[in-house]
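Peer 1: Encoded as structure tokens, here's the structure I'll be asking about.
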Amino acid sequence: MAKLRIDSPMVMDYQDEVVLNPSSQRRYEHNSTLEVTNESKHEWVKKGLDTSVFKLKERVVLSAANTSIKNKGWVEVVSCRNVFPTNPSFDFMNDRSDKFGGKVYFYLQNVKRNSKLQFTIRIGGYSSGGGTIKIGCSTPTTYSLSPININGSMNLVLGNIMQVPSNPPGGLALITLEVQFNTTNFDIWSLKDCVVEEVE
């Protein structure tokens, strides 16, 4: 059985500026768009698992166009300003005195026991005053990756692999994304989608 390394998150920055990982100071991958190729996903999964023999099978895509998919999952957002289902995005603004930038919950239904799920979350936006992004998962235990510091561009693809336990409560799993800004400047960001794939 492949050993899971949840300490190796995938973070891709799609701007020319250099962004550094606050925990390891390694450079994030760069690209020109918010699209993620299958080759990039496979290379990243190889880094997170102690095996190179696997395949990825798409399980669900949650977005403003698909907020709920029967028997697969649903998305809930907190402090969202706009929802655009035709050009899918949830839009958030820094318009609160506590500088809370919003939170997103991705609920996954009928997850298989002992399965591994890779998720990738595409976001875009800009923060003039900086802030942090936190990603969390419900399985195997609630954990948060090192907060990702942002300043300027927020055009990112974020992801990790979650290990579903042998007895997931109610057959559910949860992925969360939270943004906290540093100042009350005019900052905006949008959630494009969350793609969840089974690692087989």
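Peer 1: Here is a check on your reading of the model: is residue 108 more than 22 Å from residue 68 (Cβ to Cβ) and either in contact with a His (Cβ under 8 Å, 6 or more places away or on another chain) or not small (Gly, Ala, Ser) (or both)?
Peer 2: Here the answer is no, as residue 108 does not meet what is asked.
Peer 1: Still on this model: Restricting segment 91-148 to residues that are over 19 Å from residue 170 (Cα atoms) and out of contact with any strand residue (DSSP E or B) (no Cβ under 8 Å at 6 or more places or on another chain), which is modelled with the lowest pLDDT?
Peer 2: 146
Peer 1: Select from segment 151-182 the residues that are free of Cβ contacts under 8 Å to residues at least 40 places away in the same chain and touching a Gly at 6+ places or on another chain (Cβ under 7 Å) and write down the one among them that is nearest to residue 118 (Cα to Cα).
Peer 2: Filtering segment 151-182 for residues free of Cβ contacts under 8 Å to residues at least 40 places away in the same chain gives 151, 154, 169-170.
So of that shortlist, the ones also touching a Gly at 6+ places or on another chain (Cβ under 7 Å) come out as 151, 154.
Details: 151: 26, 154: 21 Å.
Looking at the filtered set, the residue picked out is 154.
Peer 1: Sticking with this one: Using beta carbons and a limit of 8 Å, which pairs, at least six apart or on different chains, have the first residue in segment 38-64 and under 21 Å from residue 191 (Cα atoms) and polar (S, T, N, Q) and the second one at pLDDT 85 or above and not in a strand (DSSP E or B)?
Peer 2: 63/88
Peer 1: Given the residues 58, 39, 43, which is the only one that is among the charged types (D, E, K, R), closer than 21 Å to residue 157 by Cα and in contact with a strand residue (DSSP E or B) (Cβ under 9 Å, 6 or more places away or on another chain)?
Peer 2: Only one candidate qualifies: 58.
Peer 1: Just to be sure, is residue 147 of a type outside the set (Ser, Thr, Tyr), farther than 20 Å from residue 192 by Cβ and surrounded by 15 or more Cβ atoms within 10 Å (Cβ to Cβ)?
Peer 2: yes
Peer 1: For the subset of segment 65-117 comprising residues that are among the hydroxyl-bearing types (Ser, Thr, Tyr) and touching a residue at least 60 places away in the same chain (Cβ under 8 Å), which member is surrounded by the fewest Cβ atoms within 10 Å (Cβ to Cβ)?
Peer 2: Our first condition is that a residue be among the hydroxyl-bearing types (Ser, Thr, Tyr); within segment 65-117, this holds for 67-68, 79, 86, 89, 97, 105, 107, 115.
From the residues that got through so far, the ones that are touching a residue at least 60 places away in the same chain (Cβ under 8 Å) too are 89, 97, 105, 107, 115.
Numbers: 89: 22, 97: 6, 105: 16, 107: 18, 115: 17.
Among those that are among the hydroxyl-bearing types (Ser, Thr, Tyr) and touching a residue at least 60 places away in the same chain (Cβ under 8 Å), it is 97.
Peer 1: Let me ask another. Return a yes/no flag: does segment 175-184 have any residue that is surrounded by fewer than 18 Cβ atoms within 10 Å (Cβ to Cβ), modelled with pLDDT under 85 and part of a strand (DSSP E or B).
Peer 2: Scanning segment 175-184 turns up no residue that is surrounded by fewer than 18 Cβ atoms within 10 Å (Cβ to Cβ), modelled with pLDDT under 85 and part of a strand (DSSP E or B).
The values are calculated or read from the model by the stated rules, or taken from the named source; none is laboratory data. Not measured: the values here are computed from a predicted model. With ideal geometry, Cβ positions are generated from the backbone for all residues, glycine too; neighbour counts draw on all protein chains shown.
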